[in-house]
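Asks: To start, I am sharing the structure in question, which I have written as structure tokens.
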Amino acid sequence: MRKTPLDRVLDWTGRLLLAAILGFVMLPFVVVFIASFNESAILSFPPRSWSTKWYVNAFEYRDFGLGLVNSLKIAAFGATLALIAGAGFAYVLDRYDFRFKALLNSVLMSPLIIPNFTIGLGLLVLSAAASLPRSTWLVVATHVIIVLPFVARSVYVSLRNFERRYEQAAESLGGTPVHVLWTVTLPLLLPGLISGGIFAAILSFNEFTASLFVVNQSTKTLPVAMYDYVREYADPTLAAVSVMYLVVVATALVIVHKLFRLEKVLNVD
Amino acid sequence: MSTDPPADGPSRTLGKHAVKIDGVSKSFGKTVALEPVWLKIRRGEFLTLLGPSGCGKTTILNLIAGFLEADKGEIFIDDELVTQVPPHQREIGIVFQNYALFPHMSVTQNVAYGLRTRRISKAETETRVREALDLVKLQDFADRRPKQLSGGQQQRVALARALVIRPRVLLLDEPFSALDRNLRTAMQVELKEIQSRLGLTTVFVTHDQTEALSMSERIAVMSRGSIRQIGTPTEIYDHPQNRFVSTFVGDANLFSADLLRKTAQGARLGVGGTTLDLDTYQDDLPDPGPVTLFVRPEQCTLTAPDQPGAITATVALSVYQGSHAELHLDCPASEDGRVMLRVPCGEAQDAGTKVGLALPQRGPAIYAKEGGPE
Ligand SMILES: Nc1ncnc2c1ncn2[C@@H]1O[C@H](COP(=O)(O)OP(=O)(O)O)[C@@H](O)[C@H]1O
Ligand SMILES: [Mg+2]
């Protein structure tokens, strides 16, 4: 079909609009990226001379290394626990009818509307009242509460779209419900579960507000370490950290994407 | 469950019936999917549930398989009460329309699934899987994934997977409706052969009357959650017991008629300005008054328009069908104003031609008027 002039105008407007939106979204990152190579110790823009010394500084600053290790550890444990709990919850919600189902649903989904600082504060108060140590597990527990609704929702959606005929076929062939769950349901849901888990890990890795309440010097996460740093120093080290931070998260996202294509490799629908 | 099991308990000697459905009903909220249904399926029989979409066919299969729990009534398989038995203990083979092959397993693994759940030895599993794949002519595809097979091949894998466990009953839910016509015919023949060779009790679901007529030993015609007639294909086609069955299976011409009086052989009717003395097989003739007269297209014959006793009609359309022609007539005596009949291609007439229509003495059936009791 031939394009009229109007079509062309709309075409170009669309492209420009898209570019503008992308530019707007990317803008903070571009600014931070440029600032991270600023020679000067003052976080100014645009830089007059260039250097990579802030990257070196970022690596040498002890709290960042510690924060990164803590964050990775917490994200790994938190995502795993949230995935197990969330998947189980989604399964029960999808498959069973019981009283208070709606109530349970809203309680478990409530972190979606309760602000993170409330959750952090709540756990802080609770741990103090129960005289629990402010250990890594406290941070993990906080993160589990925060990411659980997201994981549960994503697994729930996979379950809703799951073709029940597979399970029925397996049952008719003599598979007990547990056997069917293990040999049919889980393998078919696996790609969705793994990407749900990585999604949870990224959310946990990014979490700041609630963490601020429940960490101490030794369990400090990377975002909290960054916050502490910026309160004391105003040099571009933080920009360098941000750039590296983004690289880590982007890598994780690429892995998720690869997993979706892995479905084709596995011949799973 | 509302009904208690029989007082003498389930018997273990195999009786005549492989499946017995005893007053089973099912509703989903306010939707009645199945009115109470009674159905006995004989051992080794090929029985088809035929009916339009939404009439409850799949619901019956799901109840036999145990995927659904009946609201009322009992189900027996091989005389064993199974109403409360979970699906994995019912020893039933199922083939679905969309095949439902496990996509993460090879053809062999799919077929072996039901043997592995039974903890059958590796050697025997191998033999039986090979036999099953031979049976459906898929020996060469053992290592493929379902995605690498055509629709017909996938359906054969599904059949092999269901057969390999030597099920007590084989259930098939519109298994061929996703296949194109030629393949569908080939699969029908293949299934029928396998079924009769194995002497397998089979419940086949379809909404396609041709498929039902050609494959079944008996057909249960369903509409709106109940069975309207059960019988052999001939009984269903030649002697439909009600208006629904007559129009759903095969083509039907329905005339407005007057039942003048019942006679020794059947009834005297007034139809299209003439009288017709009908010999009838029916033992449930409606009372005298307005009735519907049902006549198959092949029972009607064309005559000269002025022949005594003929109903007058006008040719509206002639449709060439290759082996014959379909004549559509405008006929005031017909309930919908139209009559259809088949004639040899050479005898097709032009639109507008006046013709006469003769009805036979034997064959047509009389039903109460639409809306009245059937
Ligand atoms: N899980 C369900 N929930 C609600 N209604 C259902 C469900 N399954 C079937 N039905 C309804 O029950 C009726 C019979 O359905 P079904 O047995 O699937 O028909 P068929 O297989 O003959 O097309 C339909 O009206 C359908 O909408
Ligand atoms: Mg159906």
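Asks: As an exercise, use a Förster radius of 22 Å and the Cβ-Cβ distance of B:ARG268 and B:SER214 to find the FRET efficiency, rounded to the nearest 0.05.
Replies: Efficiency, rounded to the nearest 0.05: 0.05.
Asks: Follow-up question, since we're still on this one. Stretch A:LEU112-A:PHE59 to full length: gain in nm at 0.36 nm per residue minus the Cα-Cα span?
Replies: 15.6 nm
Asks: Determine, from the Cβ-Cβ distance of B:ASP258 and B:HIS324 and an R0 of 25 Å, the FRET efficiency 1/(1 + (r/R0)^6), rounded to the nearest 0.05.
Replies: Calculated transfer efficiency: 0.20.
Asks: Could you order peptides A:53-62, B:172-181 by the average number of other Cβ atoms within 10 Å of their residues, highest first?
Replies: B:172-181, A:53-62
Asks: Once the Cα gyration tensor of the protein assembly as shown is diagonalised, what are the square roots of 5 times its eigenvalues, in whole Å and ordered largest first, as equivalent ellipsoid semi-axes?
Replies: Taking √(5λ) for each Cα gyration eigenvalue gives 69, 33, 24 Å.
Asks: Which pairs break 28 Å Cα to Cα here: A:LYS101/B:LYS20; B:LYS40/B:LYS72; A:LYS73/B:LYS147?
Replies: The pairs that break the limit, which is 28 Å between Cα atoms, are A:LYS101/B:LYS20; A:LYS73/B:LYS147.
Asks: Mind checking the mean number of beta-carbon atoms from other chains within 10 Å of the Cβ atoms in B:86-93?
Replies: For peptide B:86-93, the averaged partner shielding equals 5.
Asks: Next question, about the same structure. Other chains near B:97-107: what is the mean number of their Cβ atoms within 10 Å of each residue's Cβ?
Replies: Counting other chains' Cβ atoms within 10 Å and averaging over B:97-107 gives 5.
Asks: Per residue of chain A, what 222 nm ellipticity follows from adding -39500 (n - 2.57) for every DSSP H run with n ≥ 4, rounded to the nearest 500?
Replies: Calculated mean residue ellipticity at 222 nm is -25000 deg cm²/dmol.
Asks: Over chain A, what is the mean sequence separation of C-alpha contacts under 8 Å (at least six apart), divided by residue count, expressed as relative contact order in percent?
Replies: Across chain A, relative contact order equals 31 percent.
Asks: Evaluate the charge dipole of the stretch A:61-265 about its Cα centre and quote only its size in Debye, nearest 20, assuming +1 on the Cβ of each Lys and Arg and -1 on the Cβ of each Asp and Glu.
Replies: Dipole about the Cα centre, nearest 20: 240 debye.
Asks: Continuing with the same structure: Would you mind working out the magnitude of the charge dipole of chain B relative to its Cα centre, with +1 at each Lys and Arg C-beta and -1 at each Asp and Glu C-beta, to the nearest 20 Debye?
Replies: That gives chain B a dipole magnitude of about 1420 debye.
Asks: Next question. Restricting to DSSP loop positions (anything but H, G, I, E, B) with no more than 16 other Cβ atoms inside 10 Å of their own Cβ, which GluC sites (Glu not before Pro) remain in the stretch B:66-159?
Replies: Answer in residue order: B:GLU69.
Asks: Here's something else I'd like to know. Heavy-atom accessible area per residue, the stretch A:1-42, 1.4 Å probe: how many Å²?
Replies: 86
Asks: Within straight cross-link reach of B:LYS262, meaning Cα distance under 16 Å, which aspartates and glutamates are found once same-chain residues fewer than 8 apart are removed?
Replies: B:ASP277, B:ASP279, B:ASP283, B:ASP284, B:ASP287
Asks: Nearest 500 deg cm²/dmol is fine: what mean residue ellipticity at 222 nm does chain B get from its DSSP H runs of n ≥ 4 alone, each adding -39,500 (n - 2.57), divided by its residue count?
Replies: Value at 222 nm, helices only: -6500 deg cm²/dmol.
Asks: I'd like to know how chain B sits against the 2.2 N^0.38 Å rule of thumb: what's its Cα Rg over that expected value?
Replies: After normalising by residue count via 2.2 N^0.38 Å, the value is 1.19.
Asks: Using +1 at the Cβ of each Lys and Arg and -1 at the Cβ of each Asp and Glu in the stretch A:1-151, identify which of A:LEU6, A:ALA79, A:TYR96 lies farthest towards the dipole's positive end.
Replies: The Cα lying farthest towards the positive end belongs to A:LEU6.
Asks: Modelled label-to-label distance, B:SER150 and B:ARG116, 7 Å Cα→beta-carbon offset: nm?
Replies: 2.9
Asks: Using modelled backbone amide H atoms (1.01 Å from N, in-plane), which distant-in-sequence or interchain residues come within less than 5 Å of B:LEU68's amide H?
Replies: Residues meeting the criterion, in which the H sits 1.01 Å from N, are B:LEU63.
Asks: On to the next question. Go through B:ALA33, B:GLN155, B:PRO167 and say which Cα lies farthest out towards the positive end of the charge dipole of the stretch B:17-243; charges sit on Cβ, +1 for Lys and Arg, -1 for Asp and Glu.
Replies: B:GLN155
Asks: Leaving ligands, DNA and RNA out of it, report the carbon-plus-sulfur percent of the accessible area of chain A at a 1.4 Å probe.
Replies: 72
Asks: Using θ = phi - 60° and the Karplus form 6.51 cos²θ - 1.76 cosθ + 1.60, what ³J(HN,Hα) does each residue of the stretch A:201-211 get, whole Hz, x for Gly and Pro?
Replies: 4, 5, 4, 5, 4, 7, 5, 10, 4, 5, 4
Asks: Under the definition of Cα pairs under 8 Å and six or more residues apart, what whole-number percent is the relative contact order of chain B?
Replies: Rounded, it is 15 percent for chain B.
Asks: Between A:GLY196, A:GLY23, A:GLY65, find the one with the highest GNM mean-square fluctuation for chain A; connect C-alpha pairs within less than 10 Å.
Replies: Greatest mean-square fluctuation among the candidates belongs to A:GLY23.
Asks: Counting only residues 5 or more places away or on other chains, whose amide H sits under 5 Å from the amide H of B:VAL355 once H atoms are built in the peptide plane?
Replies: Long-range HN contacts for B:VAL355: B:ALA313, B:THR314, B:VAL315.
Asks: Would you kindly calculate the mean projected area, averaged across all directions, of the convex hull enclosing the Cα atoms of the stretch B:257-308, in square nanometres?
Replies: With every direction weighted equally, the projected area is 4.1 nm².
Asks: What does the structure give for A:173-184 when I average, per residue, the other chain Cβ atoms found within 10 Å of the residue Cβ?
Replies: 6
Asks: Which value, in debye to the nearest 20, describes the size of the charge dipole of the protein assembly as shown about its Cα centre when Lys and Arg Cβ atoms bear +1, Asp and Glu Cβ atoms bear -1, and nothing else is charged?
Replies: 1960
Asks: Using Cα positions and a limit of under 18 Å, work out the aspartates and glutamates in reach of B:LYS30, with same-chain residues fewer than 8 apart set aside.
Replies: A:ASP97, B:GLU69, B:ASP71
The values are calculated or read from the model by the stated rules, or taken from the named source; none is laboratory data. Being a predicted model, the structure only gives us computed values, none of them experimental. Here the Cβ is made from the backbone with ideal geometry for all residues, glycine too, and neighbour counts use every protein chain on show. Side chains are part of the model used for accessible areas, which takes the heavy atoms of the whole protein and leaves out ligands, DNA and RNA. Shrake-Rupley method; radii C 1.70, N 1.55, O 1.52, S 1.80 Å.
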